[in-house]
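Peer 1: Just dropping this structure here.
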Amino acid sequence: MRVLVTGGAGYIGSVVAAQLLESGHDVSVLDDLSTGHREAVPEGCRFVEGGIRERAADVLAGHGIEAVLHFAARSVVPESMARPERYWDGNVGCTLALLEAMRTNGVARIVFSSTAAVYGEPESAEIGEDAPVRPGNPYGATKAAIDTALTEFARMHGIGAASLRYFNVAGAYAGLGERHDPETHLIPIVLQVALGRRESVAVYGEDYPTADGTCVRDYIHVADLAEAHLLALDACRPGEHRVYNLGNGTGFSVRQVVDVCREVTGRPVPAVAADRRPGDPAVLVASSERARRELGWTPRRPELRRIVADAWDFHTGGDSAGRPAG
Ligand code: UDP
């Protein structure tokens with residue numbers, strides 16, 4: 001299939017682009033490189049630098065695109081709290097422009113990168129897709145708004161859409177790993193401490209209603225997450241918008257993650273108690289039963305130790321371009 005990956009120079013987009021190529025798809029990547037890295041775009045992809053509003057229609061028409069996998073977005077919760085307008089414009093506005101470009105060019109399939117942040121503070125321990133959508137921050141609110149738009153576009157325009165709601169993605173695949181600047185995610189920050197690039201990791205809140213008082217999250221390997229995208233792409237049906245949660249179904253606290261990182265790296269990781277981070281729910285753990293049942297998806301790398309070990313390989317094997325050798 002001829003596919004467009006928006007945000008294919010970013011962490012998750014680049015891994016999905018790599019797997020799409022491996023599966024024989026013809027892959028175009030559109031990315032404005034605002035947060036992505038040109039060298040992360042897998043060799044074999046056609047690369048177009050630019051914004052969705054400016055370039056998406058040309059790329060769809062010029063390359064006979066049949067489906068879009070849409071990753072390009074702003075995704076930092078604290079930034080979204082400080083500057084919500086950037087998120088409404090950059091996430092919702094750009095996605096509407098993309099959907100319009102798809103409509104005018106007859107592209108009728110989209111797989112969308114959504115998030116567990118749409119659920120906010122959940123009511124039950126394991127979150128299914130039918131849990132109430134009550135985002136606790138503007139980032140989650142914009143993703144929830146796009147999910148709603150996709151439902152409407154499926155109903156009114158007959159597109160086939162899938163929203164994949166990610167829990168906490170980590171690990172690396174084929175030399176492609178997480179490199180945000182500034183980094184805000186827990187596992188890469190802890191590994192930077194292990195590498196001596198930071199003095200310590202701040203533990204945001206130790207008074208949550210969890211076993212050790214720190215936040216609990218469901219960590220999923222980026223390669224497992226990417227595989228779900230290829231399955232969702234195949235499962236898109238005209239007029240249907242499907243929603244799937246993607247996680248392992250097991251929660252780890254911040255303290256537990258730090259301990260696993262200490263074990264995997266064999267290095268000391270000083271951890272310092274800090275205030276809660278605004279917008280953080282206490283516990284987010286997925287029920288991915290629907291993805292397993294309907295897509296036939298099985299996470300093949302569910303162990304936290306493996307996820308951290310692959311991220312550690314990425315962080316320690318990098319050459320000067322920040323890209324690991326093998
Ligand atoms: N966290 C932390 N220190 C950090 C970064 C994150 O204690 O330096 C916590 C954060 O409050 C959350 C968990 O680690 O409870 C996972 O945060 P991350 O930003 O990786 O992902 P999120 O769950 O926000 O998508």
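The values are calculated or read from the model by the stated rules, or taken from the named source; none is laboratory data. Keep in mind that what you see is a predicted model, and the values were worked out from it rather than measured. Neighbour counts are summed over all protein chains in view; Cβ atoms, including those assigned to glycine, are modelled from backbone coordinates with ideal geometry. Just the protein is used for accessible areas: all its heavy atoms, side chains included, with ligands, DNA and RNA removed. Shrake-Rupley method; radii C 1.70, N 1.55, O 1.52, S 1.80 Å.
Peer 1: Over all directions, the average projected area of the alpha-carbon convex hull for the stretch 183-326 comes to how many nm²?
Peer 2: Value for the stretch 183-326: 10.6 nm².
Peer 1: Express as a percent, rounded to the nearest 5, the fraction of DSSP beta bridges in the chain (both residues included) that run antiparallel.
Peer 2: The antiparallel fraction comes to roughly 10 percent.
Peer 1: Taking only DSSP H segments of four or more residues, each worth -39500 (n - 2.57), what value at 222 nm results for the chain once the sum is divided by all its residues, to the nearest 500 deg cm²/dmol?
Peer 2: -10500 deg cm²/dmol
Peer 1: A further question follows. Say the dipole of the chain comes from +1 at the beta carbon of Lys and Arg and -1 at that of Asp and Glu; which of Ala57, Phe71, His315 then lies farthest toward its positive end?
Peer 2: Ala57
Peer 1: Would you mind working out the magnitude of the charge dipole of the stretch 12-128 relative to its Cα centre, with +1 at each Lys and Arg C-beta and -1 at each Asp and Glu C-beta, to the nearest 20 Debye?
Peer 2: Rounded to the nearest 20 debye, it is 240 debye.
Peer 1: So, one more: Which whole-number percent of Cα pairs in the chain have a distance greater than 33 Å? Before the final figure, lay out each step's value.
Peer 2: Details: 10978 of 52975 pairs.
Roughly 21 percent, rounded to a whole number.
Peer 1: Based on the inverse mean of 1/r over its pairs of different Cα atoms, what is the Kirkwood hydrodynamic radius of the stretch 1-73, in Å?
Peer 2: 11.5 Å
Peer 1: Just tell me the longest site-free run in the chain, where the sites are GluC sites (Glu not before Pro) in a DSSP loop having at most 14 other beta-carbon atoms within 10 Å. Write out the running numbers ahead of the final one.
Peer 2: Details: sites that count: Glu43, Glu123, Glu199, Glu303.
Of all site-free stretches, the longest is 200-302.
Peer 1: Now for a separate question. Run the simple label-point estimate for Ala125 and Glu54 please: 7 Å along Cα→C-beta, distance reported in nm.
Peer 2: 5.0 nm
Peer 1: What accessible area per residue comes out for the stretch 276-317, rounded to a whole number of Å², with a 1.4 Å probe?
Peer 2: Working: 2020 Å² over 42 residues.
With all protein chains present, the stretch 276-317 gives 48 Å² per residue.
Peer 1: Throw me the Rg/Rh for the stretch 134-175, computed over C-alpha atoms with Kirkwood Rh, two decimals.
Peer 2: Computed over Cα atoms, the ratio is 1.13.
Peer 1: Quote to one decimal, in nm, the extra length available between Glu303 and Glu39 on full extension: 0.36 nm per residue of separation minus the C-alpha distance between them. Walk me through the numbers before you get to the answer.
Peer 2: Working: separation 264, 0.36 × 264 = 95.04 nm, distance 2.86 nm.
Fully extending the segment from Glu303 to Glu39 adds 92.2 nm.
Peer 1: How much length would be gained if the chain were fully extended between Arg277 and Thr316, taking 0.36 nm per residue of separation minus their Cα-Cα distance, in nm to one decimal?
Peer 2: That works out to 11.2 nm of additional length.
Peer 1: Still on this structure: What's the magnitude of the charge dipole for the chain around its Cα centre, counting Lys and Arg as +1 and Asp and Glu as -1 at the beta-carbon? Answer in Debye, nearest 20.
Peer 2: 180 debye
Peer 1: For the stretch 100-209, which trypsin sites (Lys or Arg not before Pro) pass both filters: DSSP loop (anything but H, G, I, E, B) and at most 14 other C-beta atoms within 10 Å?
Peer 2: Loop-located and lightly packed - Arg197.
Peer 1: Taking a probe of 1.4 Å, how large is the accessible area per residue of the stretch 158-241, in Å²?
Peer 2: For the stretch 158-241, the solvent-accessible area averages 34 Å² per residue.
Peer 1: Round to a whole number: what % of the accessible area of the chain belongs to carbon and sulfur, probe 1.4 Å?
Peer 2: The C+S portion of the solvent-accessible surface of the chain is 48 percent.
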